[in-house]
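The values are calculated or read from the model by the stated rules, or taken from the named source; none is laboratory data. None of the values given here were measured: they were computed from a predicted structure. Glycine also receives a Cβ, built like all others from the backbone with ideal geometry; neighbour counts cover every protein chain displayed. When the accessible area is computed, the model is the full protein with side chains, heavy atoms only, and any ligands, DNA or RNA have been set aside. Shrake-Rupley method; radii C 1.70, N 1.55, O 1.52, S 1.80 Å.
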Amino acid sequence: MPTTNCTRRAVLAVLAVSVSVTALCGFSAAVEASRPNILFILVDDQSPFDLKVYDPKSPLETPNLDRLAAEGMVLDGAYHMGSFSGAVCSPSRHMIMSGRTVWRLPNAPGALQQGKCPPNLEQNTLPAVFNRAGYATMRTCKIGNSYEAANKLFQVRHDATKRGGDDESGSAWHAEQVLNYLREREATKDTRPFLIYFGFSHPHDTRDGKPELLAKYGAVNHADRQALPPSHPKQPPLPPNYLLAHPFRHGHDDVRDEVAVSGVWDRRDAVTIRNELGREFACGENIDIQIGRVLERLRAMGELDNTYILYTADHGMAIGRHGLQGKQNLYEHTWRVPFLVKGPGIRPGSRAAGNIYLLDVLATLCDLAGIPAPETNDGVSFKPVLEGQRQTVRDTLYGVYNGGSKPGMRCVKQGDWKLIQYDAYDGQSRHVQLFNLADNPEEFLAEHHSLPVIALTGVTPAKHQVNLADDPAYAAKLKEMQDLLLAEMRRLEDPWRLWNQPDDGLAPAPGPERAKGKAKTGKR
Ligand SMILES: [Ca+2]
């Protein structure tokens, strides 16, 4: 009968729909279950050479990071692209969040006005992209010198600056926020994959360590500017490339980090630097302990095997290396960052150059999660490196620091070769440094060969371990690297040119007036 047929057809149609809905739901659930979690750990101001995985002689004990490295991959060539501000954190964190190159950030000089950066970029940042993809997103980190418009898009956010020497005022607080969040997920049976942005406020100064960890590294929370801290045999040794002073004015000599950090100020004597390194390591070990607590919780929840864990810093740090204290330079200790990754498909104990920037993190996390990277992204996914298919994703690396005197510092690295140029104080400080990092990984200068420095560090550099820029034997290499630097500056829309480059007809950038045309003189 028509009615019956009609009813049967309707029932069949409903059945078909419900079967396909069930199939779809089952499929979705399966996809949901297989989508990886992400735990992105970002520490504030840490040289890669603090960690044993980059410097086996470092006394800093980080058993949890060592295990992370043993179970995952260590990247040797991880860099932040640089900064146009003394607050290096700020552009670095904008790059992490947006995947954009340094001169194309919303806070880069003139970028929004000149159309180098689209408006409302925050809608294409890490939390926005993962929110749209159905991830549960959570963040804890310090406050300030960051990308607020993006930060506030995390679904759950517990930010506070915690640089104290106890659990409530220090790194444990950030771990507590993550642990509470994981408890909440369990309580509410939240099965969505998560992206947790697990940021720390340390080891950024003030480096007030916990008493038992300070004691381990022979350090005190030194606050008396009138006195030197006590010397202690347990204090970390001076870095091999330590100097009492940087050999020339590098461009931002009076920035807070070089002259006003509590515990160091403008001092570079061995006692002050060794005490400060002890404080740095006390804070670094506490961070490791806190990471251990979170990883243990993930293990207990059965989430660990389906979670990518990334560990890095927003930039490196000098603390006595090259006579510098801060983050406003382009030597490897400061331009480079630590970068460890563990997760599904990453071979335990593996190591790769990577040649990545922090701005590649967004594209990579999208790739790992099967999400298209936003159109505004400039970064390159290094998933093929993590999966062992390639050693690197980049051939050439560019760096800038011009938060002080303009145009400031620029560097470029290709293979083992690295060039740094300084153009500061209206042309009064112009310098060129050329290093072969395979032969001279510490970037030793002539000053490191002086007997008083050797007496302090106990390190005698080999004769060839110097700046090679003035050595005629490397004139062709110098020219090649200078050409490469100019090409990178053009490619990356750097609004400045240095004294020994064509001005390219650029409009004068904000800051002191720049001499027109090529200058023929000037110290290298
Ligand atoms: Ca920082």
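Figures for the structure shown
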read-out: Single unsatisfied condition, R207 versus (1) part of a loop (DSSP other than H, G, I, E, B); (2) open to solvent by 10 Å² or more (accessible area, probe 1.4 Å); value: (2)
read-out: Top-ranked residue of region 146-165 - restricted to ones that are in a loop (DSSP other than H, G, I, E, B) and farther than 18 Å from D44 by Cα, ranked as most open to solvent (accessible area, probe 1.4 Å); value: K152
read-out: Matching residues in region 84-117 - criterion: being open to solvent by 20 Å² or more (accessible area, probe 1.4 Å), touching a Pro at 6+ places or on another chain (Cβ under 7 Å) and under 16 Å from T334 (Cβ atoms); value: F84, S85
read-out: Any hit, region 292-311, residues being within 14 Å of the chain's Cα centre (by Cα) and either modelled with pLDDT of 95 or more or open to solvent by 40 Å² or more (accessible area, probe 1.4 Å) (or both); value: yes
read-out: Filtered residue count, region 325-355, keeping only those that are out of contact with any Ser or Thr (no Cβ under 8 Å at 6 or more places or on another chain) and away from the ligand (no atom under 15 Å from the Cβ); value: 13
read-out: Residue check, H322 more than 16 Å from the ligand (Cβ to nearest atom), closer than 21 Å to C411 by Cα and open to solvent by less than 20 Å² (accessible area, probe 1.4 Å); value: yes
read-out: R268 vs. criteria open to solvent by 10 Å² or more (accessible area, probe 1.4 Å) and modelled with pLDDT of 95 or more; value: yes
read-out: Qualifying residues in region 32-53 (those that are open to solvent by 10 Å² or more (accessible area, probe 1.4 Å) and not small (G, A, S)) - the one farthest from the ligand (Cβ to nearest atom); value: E32
read-out: Residues located in region 86-116, provided they are within 16 Å of the ligand (Cβ to nearest atom), assigned to a helix (DSSP H, G or I) and touching a residue at least 24 places away in the same chain (Cβ under 8 Å); value: C89, S90, S92, R93, H94, M95, I96, M97, V102
read-out: Region 54-85 - residue that is assigned to a strand (DSSP E or B) and within 16 Å of the ligand (Cβ to nearest atom) and, of those, nearest to G343 (Cα to Cα); value: A78
read-out: Number of positions in region 143-162 that are within 14 Å of the ligand (Cβ to nearest atom) and in contact with an Asp or Glu (Cβ under 6 Å, 6 or more places away or on another chain); value: 1
read-out: Positions within region 247-260 being surrounded by fewer than 20 Cβ atoms within 10 Å (Cβ to Cβ) and touching a helix residue (DSSP H, G or I) at 6+ places or on another chain (Cβ under 9 Å), in sequence order; value: P247, D253
read-out: Unique match (being touching a Leu at 6+ places or on another chain (Cβ under 8 Å) and either free of Cβ contacts under 8 Å to residues at least 24 places away in the same chain or buried (at least 23 other Cβ atoms within 10 Å of the Cβ) (or both)) among Y401, Y422; value: Y401
read-out: Enumeration of residues in region 226-240 that are within 18 Å of R207 (Cβ to Cβ) and either surrounded by 11 or more Cβ atoms within 10 Å (Cβ to Cβ) or of a type in the set (F, W, Y) (or both); value: L228, P229, P230, S231, H232, K234, Q235, P236, P237, L238, P239
